[in-house]
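These notes concern the structure reproduced below.
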């Protein structure tokens with residue numbers, strides 16, 4: 001008797017859909033995965049729905065409206081392995097800029113009838129509400145890192161996802177450091193590897209779209225920006241409040257600068 005394939009579900013909360021497209025961008029690899037996984041729920045790709053429970057659930061998006069809080073608990077209940085991917089699901093996303101202001105002010109500015117809307121005061125990551133088994137950072141995440149995680153899941157092993165900084169990727173590509181050599185503000189020293197040093201390769205500073213690396217020394221980098229590059233506190237706050245504004249390391253540093 002043939003062994004049943006593990007069931008895969010892909011869920012979307014507040015996000016731009018880019019992380020789900022990252023899955024679809026696997027193209028040829030996705031066909032191989034489809035032989036090993038039953039794509040049971042993935043509304044970006046198919047209308048077909050197979051009832052859970054699910055062996056692997058991938059979650060895109062942040063918790064930003066009241067119904068999300070109950071929905072993510074239900075996802076956790078029907079999922080054996082829960083994997084949030086991308087900026088929004090792992091830190092709250094760009095929409096977490098509301099966390100530093102009054103969300104009611106944003107609603108009144110953007111919408112004609114804000115009284116018709118319900119929004120949480122903060123945009124928060126999945127892990128703030130339920131237990132997760134692993135997270136994959138990036139805006140969007142690296143599709144090959146995602147493939148590695150799924151492959152590891154299928155083989156029952158620990159995935160190999162590098163925890164180094166973007167600086168290591170620059171070294172591998174033979175890039176001249178834009179921060180040291182050219183004085184270009186770059187978050188590479190405190191940002192998680194995974195993008196392949198895309199921006200520095202084209203002589204632009206890293207924007208931190210893969211979030212904080214493991215144990216980032218944001219205070220040291222902040223002093224470099226301030227003392228050697230002459231950046232103001234306002235400039236530095238904006239630097240840390242881009243893609244991963246709500247990630248603990250970046251949030252703490254930006255709030256320290258405002259004190």
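Read-outs throughout are calculated quantities, based only on the coordinates presented, and are distinct from any laboratory measurement. Just so it is clear, the structure is predicted and the values come from calculations on it, not from any experiment. Cβ sites come from the backbone with ideal geometry, for glycine too, and all protein chains shown count toward neighbours.
One table, with the values for the structure above:
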item	result
Protection-proxy order for peptides 65-71, 6-12, each taking the mean of Cβ atoms within 10 Å per residue, highest first	6-12, 65-71
Ordering of 210-218, 124-132 by packing [mean C-beta count within 10 Å, highest first]	210-218, 124-132
Pairwise centroid distance, computed over Cα atoms, of the range 79-133 with the range 206-259, Å	21
Likely footprinting exposure, 102, 55, 133, fewest C-beta neighbours within 10 Å first	102, 133, 55
Quotient of Cα Rg and 2.2 N^0.38 Å for the chain, N being how many residues it contains	1.08
The range 7-155: radius of gyration and largest Cα-Cα distance (Dmax), Å	16.0, 51
Length gained when the stretch residue 155-residue 25 is fully extended (0.36 nm per residue, less Cα-Cα span)	44.6 nm
Label-to-label distance, nm, for residues given as residue 202 and residue 215 (7 Å Cα→Cβ offset)	3.4
Sequence of 59, 180 once ranked by neighbouring C-beta atoms within 10 Å, starting from the fewest	180, 59
Cα gyration tensor shape for the range 166-258, rounded if a/c is under 1.5, else prolate or oblate	oblate
Fraction of beta bridges assigned by DSSP in the range 7-155 that are antiparallel (%, nearest 5)	15
Among 137-143, 105-111, 250-256, the order from most to least packed when residues are scored by Cβ within 10 Å on average	137-143, 250-256, 105-111
Beta bridge orientation in the chain: antiparallel %, DSSP, nearest 5	25
